[in-house]
Amino acid sequence: MRVKDLPLFKRPREKLFEKGPQALKDYELLAILLRTGYEGKSALEVAQRILSQHSLEKLFSLSIDQLKKLKGVGLSRAAIISAGFELSKRTWDGNSLHAITSITDILRLIQELRTKHREHLVALYLNARNHLIEKQIISIGSVTEGIVHPREVFSPALKLNAVHIILSHNHPSGDPSPSLDDIAITKRLIKAGKLLGIELLDHVIVSKENHYSFREDGLI
């Protein structure tokens, strides 16, 4: 079946327009770059076949000569794919393409909080691969259960089609130990996330020199 014969909600380009690129699967993004298929095979089918033979990381490393030899690609499409990959490499900033898998990764993304003189609550919104979609400041001022409501945290996640969230805030006092409010907020957000299908991976509190992780402490 040709892509244009599919219902609108299943067409990768229309899906991208409606939900953004982070909502698409790898083969759907590749199909957009391919644009068309060949000999009765749709661009989606060609993309699926290519990714069944080559991992995305492997595909990223292929030269344009290697890409053009893939069945259903050819020189023109190979040029488009190669150009897209090269732009991604050039815009690499350690955030968007690097999976957030450790406390070190998190601390690198929130290091500016260490020097803030007021409490800042920041949310990191991640996709299914734990790649950063966006970082947002949720609130500035004392982080208390009465001020931080789940809607402030999860509303951007729904708009961004985020799958995971990591929260962080700073303690200007110098002690990163969680307060009773910090613990209550975290428990509340874990419950809200479960209802929405958006997992809170960690809540990290930082001071100028130290940090506290709810996940490291076994509370998440």
Worksheet item: What's the percent breakdown of Cα-Cα distances in the chain across 10 Å bins, shortest bin first?
Response: 8, 28, 27, 18, 14, 5, 0
Item to complete: Would you please name the GluC sites (Glu not before Pro) within the stretch 109-213 that are DSSP coil residues with at most 12 other C-beta atoms within 10 Å of their C-beta?
Response: 209
Practice prompt. May I ask you to list the lysines whose Cα is less than 27 Å away from that of residue 41, ignoring any residue fewer than eight positions away on the same chain?
Written response: 4, 10, 15, 19, 25, 58, 68, 69, 71
Worksheet entry | FRET efficiency, 1/(1 + (r/R0)^6) with R0 25 Å, evaluated for residue 183 and residue 117 via beta carbons | 0.55
Item to complete: Quick one: compute the contact order of the chain, relative version, from alpha carbon pairs under 8 angstrom and 6+ residues apart, as a percent.
Response: 14 percent
Discussion item. At R0 = 35 Å, how high is the FRET efficiency between residue 54 and residue 217 if r is their beta carbon distance? Nearest 0.05 is fine.
Written reply: 0.30
Fill in: Label-reachable residues, the stretch 179-204, where backbone N falls under 17 Å from a point 7 Å from residue 152's Cα toward its Cβ
179-190, 192-193, 203-204
Discussion item. Quick check on the chain: of the DSSP beta bridges with both residues there, what percent are antiparallel, nearest 5%?
Written reply: 70 percent
Discussion item. With +1 on the Cβ of every Lys and Arg and -1 on the Cβ of every Asp and Glu, and nothing else charged, how large is the dipole of the stretch 103-213 about its Cα centre, in debye rounded to the nearest 20?
Written reply: 260 debye
Worksheet item: Arranged by the count of other C-beta atoms within 10 angstrom, fewest first, what order do 213, 179, 173 take?
Response: 173, 179, 213
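Quick note: the coordinates plus some simple rules give every number you see, no bench work behind them. Computed from a prediction, not measured in an experiment: that's the story for all the values here. For neighbour counting, all protein chains shown are included, and Cβ atoms are generated from backbone atoms with ideal geometry for every residue, glycine included.
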